[in-house]
Amino acid sequence: MQILVVGAGVIGLAIARAAALAGHDVTVAEATGGIANGVSSRNSEVIHAGLYYPTDTLRALHCVRGRRMLYEFCAAHGVHNRKCGKLVVATNEAELAKVASILAQARKNGVEGVEMIGGNAARAMEAELSCIGALWSPETGIVDSHGYMRALWGELEDRGGMIAFETPVERLGYRAPQWHVEFGGRDPGAADFDAVINAAGLGAQSLARRIEGYPAAAVPRLVLGKGNYFGFAGRPVFSRLIYPTPIDGGLGVHVTLDLAGRMRFGPDVEWIAQENYAVDPRRAESFYARIRTYWPGLPDDSLVPDYAGIRPKLSGPGEGQADFLIAGPADHGLPRLVNLFGIESPGLTASLSLAEAVVKQLA
Ligand SMILES: Cc1cc2nc3c(=O)[nH]c(=O)nc-3n(C[C@H](O)[C@H](O)[C@H](O)COP(=O)(O)OP(=O)(O)OC[C@H]3O[C@@H](n4cnc5c(N)ncnc54)[C@H](O)[C@@H]3O)c2cc1C
């Protein structure tokens, strides 16, 4: 089949590669001038183990499976990563109960090696930590996400696929037996494809509304959950990822590490109406308070505004976590069309597994 994938973020690239490996003729249309200019360049670069998500959700399934596939992919393609492990820490009895329920969920999800450890054992691993107990997850890690995406792009091209940059998809309609797709951008025009996959991230709903005959009720609402990060201006004190217990809409302000060992903190959850990426320095105050619950030694004036990302969420404040939504022909009634909505965390981790599932829907 001639397949058009809309969006060159980690999800579009993983799908395009999987489709090319399955023998299809693949084109990716990307609105901007490069790969990974959207959500995929503004995250924590954590390979999640799959601890939190309710069993049998797409997030649980594709996180656990995608994580195993991602480590294998990185090993095979020389993508820099580190399985540094993660501690989810409890600083009081109520949090201890929460951490115990995360442990039970993680085991149900089939996550390997998770265990509960006491405060002393946690401090033996990370001396600066203050907690009364913690969940230890040895399978969690960090990855050079840009290196990973470049490797996906390379394999796509090796299999004859290509990316058209500065090529926003404006609208599309089914003209049996093909999809007629109109492009804007530098070189506007139109082309026909056998199948279309909408992996447009924050633009997925807007594009779905421009698909002729797509049922309006089948386009979910888009909720923007901004996540702000602060860098740490000092020598790193942790060598593992440190997470508090989760909060409404996110995993809590955690310690993330990059592959050079630098520490940063975030993301928090800020519900916003319009896309914007500025980090308000005044948010530092709440970061100090939250981080000091598990790291009392955080020095004054050590946090500096870093960057922000926006989660393409399907649920708002107080509504509980929505699952990923992969809408195929059985959901909307149009042939050989798949829309991906709400691909927030753990989308990076889940990408290879999600990609296989999407390509199977086209078979
Ligand atoms: C703050 C934050 C932290 C996160 N941390 C993690 C983490 O640690 N681990 C993890 O596994 N996941 C994490 N995630 C989730 C992960 O980053 C996302 O799930 C993933 O990057 C989504 O990729 P995507 O390809 O769907 O979207 P994007 O990367 O946004 O790609 C979509 C692309 O589509 C293009 N586009 C849009 N409209 C059109 C159009 N009409 N025509 C052509 N192109 C179009 C855009 O320009 C963009 O390049 C995090 C997310 C956030 C926001």
Run the accessible area of the stretch 284-332 with a 1.4 Å probe and give the carbon-and-sulfur part as a rounded percent. 53
Radius of gyration and maximum dimension Dmax of the stretch 72-138, Cα, Å: 14.1, 44
Debye equation applied to the C-alpha atoms of the stretch 181-230, log10 I(q)/I(0) at 0.13 Å⁻¹: -0.45
Please give me the summed charge of the neighbours of Glu275: other residues whose Cβ is under 14 Å from its Cβ, Lys and Arg +1, Asp and Glu -1. +3
Restricting to DSSP H runs of at least four residues, report the calculated mean residue ellipticity at 222 nm for the chain, -39500 (n - 2.57) per run over all residues, nearest 500 deg cm²/dmol. -8500 deg cm²/dmol
Please identify, among Asn276, Asn198, Asn120, the residue showing maximal mean-square fluctuation in a Gaussian network model of the chain using a 10 angstrom Cα cutoff. Asn276
If the convex hull is drawn through the Cα atoms of the stretch 223-332, its volume per residue in Å³: 137
Got the relative contact order for the chain handy, in percent, Cα pairs under 8 Å and 6 or more residues apart? 24
Express the carbon and sulfur contribution to the solvent-accessible surface of the stretch 122-209 as a percent, rounded to the nearest whole number, probe 1.4 angstrom. 47
Given the whole protein assembly as supplied and a 1.4 Å probe, what does the accessible area of Lys360 come to in Å², nearest 10? 140
Counting DSSP beta bridges with both partners in the chain, what percentage is antiparallel, nearest 5? 70
Ratio of Rg to Rh over the stretch 311-363 (Cα coordinates, Kirkwood Rh, two decimals): 1.01
Note on the stretch 183-340: contact order normalised by length, alpha-carbon pairs under 8 Å, 6 or more apart, percent, works out to 31
Work the Kirkwood hydrodynamic radius out for the stretch 176-288: mean of 1/r over every pair of different alpha-carbon atoms, inverted, in Å. 18.0
Angle between the chain longest axis and helix 93-108 axis [Cα atoms, degrees, rounded to 10]: 40
At 4 °C and 1.567 mPa s, grab the translational diffusion coefficient of the stretch 1-133 from Stokes-Einstein with a Kirkwood Rh over Cα pairs, rounded to a whole number in µm² per second. 74
By per-residue mean of other Cβ atoms within 10 Å, what is the highest-first order of 5-16, 279-290, 168-179, 252-263? 5-16, 252-263, 168-179, 279-290
The ratio Rg/Rh over the Cα atoms of the chain, Rh being the Kirkwood inverse mean 1/r radius, stands at 0.98
What does the charge count around Thr167 come to, taking other residues whose C-beta lies under 13 Å from its C-beta (Lys +1, Arg +1, Asp -1, Glu -1)? -4
Measure off, as a whole percent, the carbon and sulfur share of the 1.4 Å-probe accessible area of the stretch 1-73, all protein chains present. 51
Return one number: the angle in degrees, 0 to 90 and rounded to the nearest 10, between the long axis of the Cα atoms of helix 347-362 and the longest principal axis of the Cα atoms of the chain. 30
For the chain, what is the accessible area per residue in Å², given a 1.4 Å probe and the full set of protein chains? 40
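The values are calculated or read from the model by the stated rules, or taken from the named source; none is laboratory data. These numbers come from a predicted model, not from an experiment. Don't worry about glycine lacking a Cβ; one is built from the backbone with ideal geometry, like all the others, and counts go over all protein chains shown. Heavy atoms of the whole protein, side chains included, go into the accessibility calculation; ligands, DNA and RNA do not. Shrake-Rupley method; radii C 1.70, N 1.55, O 1.52, S 1.80 Å.
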